[in-house]
Amino acid sequence: MESAFNSRKVKNGFTLIELLIVLGIMAIVAIIAIPSFLGQREKSQIAAVKSSAKAAVGEIEALLDSYMGGAPFLLLDETGAEICVQIQGGNIYTTCQTMYNVSTNINEYNDMADVIDYLIKHYEGQRYKSPYNTSSYLFVKTPAVGSIVLSLAGSKTVSITAYARDLSQPVFEASITAR
């Protein structure tokens, strides 16, 4: 006589209808989740550009204070090496040698345009990359998607303009005037 246990049919695996129901549920979840995920990604990229621009404001203000005082300042070059930048033809008390005891990697600037060039190279040396295109640097001279543009806005003013995808609408703007 067979026991009740042996007479039952053992069921292995899932039926086709069960698999189709699970795939249908997964498709519905994907349809809902993917657009919201892409929206969050765009928001995080915009936030990254904005926060980098805001952080640069304080650093540039400090550098412009040194510029106005004729004092040298330490930056990175585009390779990441530390350099000292001093005013061309400055007095002997405000040189890289006297202020920082640096006698190598000394660079000179003539005006604010030179300072902006050194700033852009400084951010390249720190390897700040665009969140939209990781092969592009974040700080640049001309607008690009996901960039922060540093430009001269007068003899003593640096303009900072940050862009996301739309180059006609900046996500952040600030002007820093040396005093």
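Scan (1) at pLDDT below 90; (2) among the hydrophobic types (A, V, I, L, M, F, W, C); (3) buried (at least 18 other Cβ atoms within 10 Å of the Cβ) for the single condition Val49 breaks and write down its number. Val49 satisfies all of (1) at pLDDT below 90; (2) among the hydrophobic types (A, V, I, L, M, F, W, C); (3) buried (at least 18 other Cβ atoms within 10 Å of the Cβ) except (1).
In a residue-by-residue description of region 97-106, the property of being of a type in the set (Phe, Trp, Tyr) and touching a helix residue (DSSP H, G or I) at 6+ places or on another chain (Cβ under 9 Å) applies to no position. Counting the residues of region 31-46 that are crowded, with 16+ Cβ neighbours inside 10 Å and aliphatic (A, V, I, L, M) gives 1. Sub-6 Å Cβ pairs linking a first residue in region 44-60 that is over 16 Å from Arg127 (Cβ atoms) to a second residue that is part of a helix (DSSP H, G or I) and of a type outside the set (Phe, Trp, Tyr), at least 6 apart or interchain, number zero. Scanning region 66-100 for residues that are of a type in the set (Val, Ile, Thr) and part of a loop (DSSP other than H, G, I, E, B), we see that the one that is farthest from Ala56 (Cα to Cα) is Thr95. For region 101-125, the set of residues classified as surrounded by fewer than 15 Cβ atoms within 10 Å (Cβ to Cβ) and either assigned to a loop (DSSP other than H, G, I, E, B) or at pLDDT below 90 (or both) consists of Asn101, Ser103, Thr104, Asn105, Asn110, Asp111, listed by residue number. Selection over region 90-133 of residues that are without any contact (Cβ under 8 Å) to a residue 12 or more places away in the chain and at positive phi gives a count of 1. If the condition is being hydroxyl-bearing (Ser, Thr, Tyr), closer than 16 Å to Asp111 by Cβ and surrounded by fewer than 14 Cβ atoms within 10 Å (Cβ to Cβ), then region 149-176 contributes only Ser155. Would you tally the residues in region 150-173 being outside any loop (DSSP other than H, G, I, E, B) and closer than 16 Å to Ala47 by Cα? Final tally of qualifying residues: 5.
The values are calculated or read from the model by the stated rules, or taken from the named source; none is laboratory data. This structure is a prediction, so every number in the text was calculated from the model and none was measured. Using ideal geometry, Cβ is built from the backbone for each residue, glycine included, and neighbour counts are taken over all protein chains shown.
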